[in-house]
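Asks: Mind having a look at this structure? Questions to follow.
The values are calculated or read from the model by the stated rules, or taken from the named source; none is laboratory data. Being a predicted model, the structure only gives us computed values, none of them experimental. Here Cβ is always computed from backbone atoms with ideal geometry, including for glycine, and neighbour counts include all displayed protein chains. Remember, those area values only see protein heavy atoms, side chains included, never the ligands or the DNA or RNA. Shrake-Rupley method; radii C 1.70, N 1.55, O 1.52, S 1.80 Å.
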Amino acid sequence: MALLAVRNLSLKFGGPALFENVNFQVDAGERVCLIGRNGAGKSSLLKIIAGKLEPDAGEIAVARGARVAFLAQEVPERLAGTVREIVLRGLGEAGEKLLAYEAHDAGKYGEEQLEEIFRWLEENAAWNLAGKADAVISKLGLDPAPLFSSLSAGMKRRVLLARELVSDPDVLVLDEPTNHLDIAATEQLEEFLRAWRGAILFVTHDRRFLKKISTRILDLEGGVVTSWNCDYETYLERREELNASIAAGNAEFDKLLAREEAWLRQGVKARRCRNEGRVRELKRLREIRAARRAEVGTVRAAIAEGEKSGAKVIVAERVSHSWNGVPVIRDFSTTIMRGDRVGVIGPNGAGKTTLLKILLGELAPDAGSVTLGTNLQIAYFDQLRAQLREDRTLAENLAGEGADTVVVNGKTRHVVSYLGDFLFSPDRARSTVSMLSGGERNRLLLAKIFMKPANVLVLDEPTNDLDLETLELLEELIGNFDGTVLLVSHDREFLDDVTTSLIVFEGAGKLREFIGDYDAWRRTRPAETARGNAPAKTEKPKASAAVPAAAPANPPQKKKLSYKETRELEAIPQKIDALEAEQKTLTEKLNDPDFCRDPAAAKAAVARLAEIEEELMLTLERWDFLESRK
């Protein structure tokens with residue numbers, strides 16, 4: 001049964017329409033995920049469905065008696081009251097009456113008013129609703145007592161979700177429900193929504209959340225919504241096949257149009273009466289081509305890689321730090337080697353960003369020391385996007401005021417052209433940052449930090465608000481990056497695809513290192529719980545974490561090599577041959593007395609030989625590691 005139907009919906013904000021003649025429905029029990037690029041109109045579509053925005057055309061039909069609840073991306077400002085008070089207000093008038101009656105001890109109401117409120121609650125059978133609100137608060141793991149204003153952004157969104165759920169909606173509309181949630185809170189929300197019996201329409205950038213929750217995919221692209229009655233992995237396969245078919249059809253159409261245009265340019269023949277029908281057909285073909293939406297572009301980003309750093313990138317020894325007397329980091333030591341890809345995970349407020357700042361030397365620890373390696377070129381993506389000026393245009397944020405070019409990988413490029421690589425149109429490049437969505441701001445910040453050569457990438461929550469295609473591209477870029485990566489993220493899929501080791505915040509300032517990705521660490525957690533205490537710290541090998549020298553104490557099941565790793569494994573023998581050939585050539589030169597008469601050339605050759613020896617060692621270790629996973 002259709003609980004919600006979208007009929008011929010259209011919306012535009014000046015310029016081309018965001019979407020036109022959109023039609024779909026959501027049936028009872030479905031969990032439908034709406035996906036699409038940043039700026040495609042997903043949030044606007046959800047707001048129309050929730051009655052928060054008026055469309056230019058079309059309508060939303062809701063089944064008789066059905067209720068629709070909406071969780072927006074934005075957290076309302078100046079929302080007053082405790083967690084319980086906010087949730088009770090989700091019951092509408094009943095909630096306000098319950099709050100009024102519960103407040104009678106505070107002397108806010110007279111006896112006559114209390115009697116009137118009491119009668120209303122009796123007549124409307126509202127007394128049990130307070131217990132229902134308390135049950136929802138408990139299921140979402142919330143404390144009813146704190147003031148809403150004192151909570152983190154993630155906790156505020158959980159309270160707002162509880163406020164919507166308490167009214168027993170038939171359709172739950174969620175816009176990025178995992179934003180600002182840590183991993184534990186996201187997994188708790190997954191369990192809650194999978195057990196919930198109502199229909200769900202949601203937007204998310206979290207692929208693991210999408211895969212676990214959705215039963216159907218709606219794809220908003222080029223102003224059109226298409227429905228895919230399958231899981232996300234199947235959708236990706238079918239979508240790729242469809243895109244190939246469309247591209248082939250468009251190519252054939254364009255060839256036909258080109259032939260007809262060439263015919264028309266012949267002149268007199270085309271204007272003869274017997275050819276007027278062909279002219280009319282050509283005009284129709286032109287109209288069809290003009291109506292075809294421009295294909296959605298692909299981000300063409302690349303990281304400007306710097307020179308090779310020293311072998312040791314960061315050495316931290318017995319570091320401790322506190323905030324307002326509360327321990328955040330206690331006696332933590334680590335050595336981060338060149339090529340390591342380290343993920344930092346833990347609850348909201350645990351101190352992950354603080355750890356990054358201490359490791360980068362931006363914040364002095366209360367105790368212990370941090371030593372940075374040699375020749376470091378650091379690119380830092382901060383989750384607050386403080387590097388972006390809200391009042392300046394996109395072009396000014398990258399090139400500076402009054403400039404119109406940037407230098408990328410040693411080459412000068414027009415800033416508008418470079419922004420085009422990140423899917424910003426020329427008009428968008430001249431607008432201010434304040435006009436951008438969250439995902440677009442993240443894309444702009446990536447464009448900014450990728451301009452400068454770097455051998456260390458530090459990424460603090462880079463995945464927030466990014467669309468799925470840009471997320472996958474970012475994974476590929478990091479995978480091909482030869483330098484060192486430090487990453488804070490709550491995106492489990494991203495952590496699995498990018499990291500080779502983790503630093504885990506376990507509470508009370510205790511940090512533990514783990515060799516392996518998020519899934520491998522997740523599999524160790526039940527065993528740790530059963531033992532009743534955390535295992536001893538897994539010592540990190542001195543070699544690069546990208547080339548693990550030792551397996552974890554409880555090794556996970558073998559993970560199949562990715563396509564990129566398979567190609568890497570195939571190329572390693574040729575790489576070793578090339579290095580050994582270069583090593584042989586340099587050795588022969590150094591044995592030649594004539595060559596050694598040039599001190600500068602001899603010194604450079606000796607330095608290069610040392611680099612080759614280290615590179616050979618790392619390559620051989622990487623070969624062993626990949627071979628062991630075949």
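Asks: Within 10 Å, count the other beta carbons around each residue, average over each peptide in 356-363, 410-417, and list them highest first. Spell out each step's value before the answer.
Replies: Working: 356-363: 17.8, 410-417: 13.8.
Per-residue mean Cβ counts within 10 Å order the peptides as 356-363, 410-417.
Asks: Another question about this same structure. Roughly how many whole Å is it from the C-alpha centroid of region 572-609 to that of region 131-190?
Replies: For region 572-609 versus region 131-190, the Cα centre distance is 63 Å.
Asks: Given a Förster distance of 45 Å, report the FRET efficiency between ASN250 and ALA386 from their Cβ-Cβ distance, rounded to the nearest 0.05.
Replies: For R0 = 45 Å, the calculated efficiency reads 0.55.
Asks: Pull up all non-local amide H partners of LEU18: gap of 5 or more, or a different chain, and H-to-H distance under 5 Å with H placed in the peptide plane.
Replies: Counting only residues 5 or more places away or on other chains, the set is LEU11, LYS12, PHE13.
Asks: Go through region 478-488 residue by residue and turn each phi into a ³J(HN,Hα) via Karplus (6.51, -1.76, 1.60, θ = phi - 60°); whole Hz please, and just put x for glycine and proline.
Replies: Working through the residues one at a time gives 5, x, 8, 6, 7, x, 9, 10, 10, 9, 10 Hz.
Asks: Amide H of PHE381: which non-local residues (sequence gap of 5 or more, or other chain) have their own amide H closer than 5 Å, using H built in the peptide plane?
Replies: VAL458, LEU459, ASP460
Asks: Among the aspartates and glutamates, which have Cα under 14 Å from the Cα of LYS132 when same-chain residues fewer than 8 positions away are ignored?
Replies: GLU85, GLU164, ASP168
Asks: 7 Å from Cα along Cα→Cβ at both ALA601 and SER138: what's the point-to-point distance in nm?
Replies: 8.3 nm
Asks: How do ARG31, ARG522 stack up against each other in accessible area, from largest to smallest, with a 1.4 angstrom probe? Intermediate values should be presented prior to the final figure.
Replies: Numbers: ARG31 40, ARG522 85 Å².
Descending order: ARG522, ARG31.
Asks: GLU570 accessible area, nearest 10 Å², 1.4 Å probe?
Replies: 110 Å²
Asks: If LYS212, LYS47, LYS603 are ordered by their accessible area, calculated over protein heavy atoms with a 1.4 Å probe, which sequence runs from highest to lowest?
Replies: Working: LYS212 85, LYS47 60, LYS603 155 Å².
Ranked from most to least accessible, the order is LYS603, LYS212, LYS47.
Asks: Taking amide hydrogens as modeled 1.01 Å from N in the peptide plane, which residues meet the under 5 Å criterion relative to ILE314, leaving out close sequence neighbours?
Replies: It is ILE336, GLY373, by chain and number.
Asks: Heavy atoms only, probe 1.4 angstrom, no DNA, RNA or ligands counted: give me TRP228, TRP120, TRP127, TRP323 ranked by accessible area, highest first.
Replies: On the way: TRP228 30, TRP120 55, TRP127 90, TRP323 130 Å².
The ranking, largest first, comes out as TRP323, TRP127, TRP120, TRP228.
Asks: While we're here: How high is the FRET efficiency from ARG64 to ALA258, r the C-beta distance, R0 51 Å, rounded to 0.05? If you can, show how the numbers build up before the last one.
Replies: On the way: r = 54 Å, r/R0 = 1.06.
Using R0 = 51 Å, I get an efficiency of 0.40.
Asks: What nm value, rounded to one decimal, do you get for the distance between LEU363 and VAL326 when each label is placed 7 Å out toward the C-beta?
Replies: Rounded to a tenth, the inter-label distance reads 1.3 nm.
Asks: Once you put a point 7 Å from the Cα of GLN583 and another 7 Å from the Cα of LEU53, both along the Cβ direction, what distance in nm separates them?
Replies: Reported label-point gap for GLN583 and LEU53 is 6.0 nm.
Asks: Among the listed pairs LYS47/LYS156; LYS52/LYS156; LYS357/LYS452; LYS312/LYS357; LYS47/LYS212; LYS308/LYS452, which have their C-alpha atoms separated by more than 22 angstrom in this model?
Replies: Correct reply: LYS47/LYS212.
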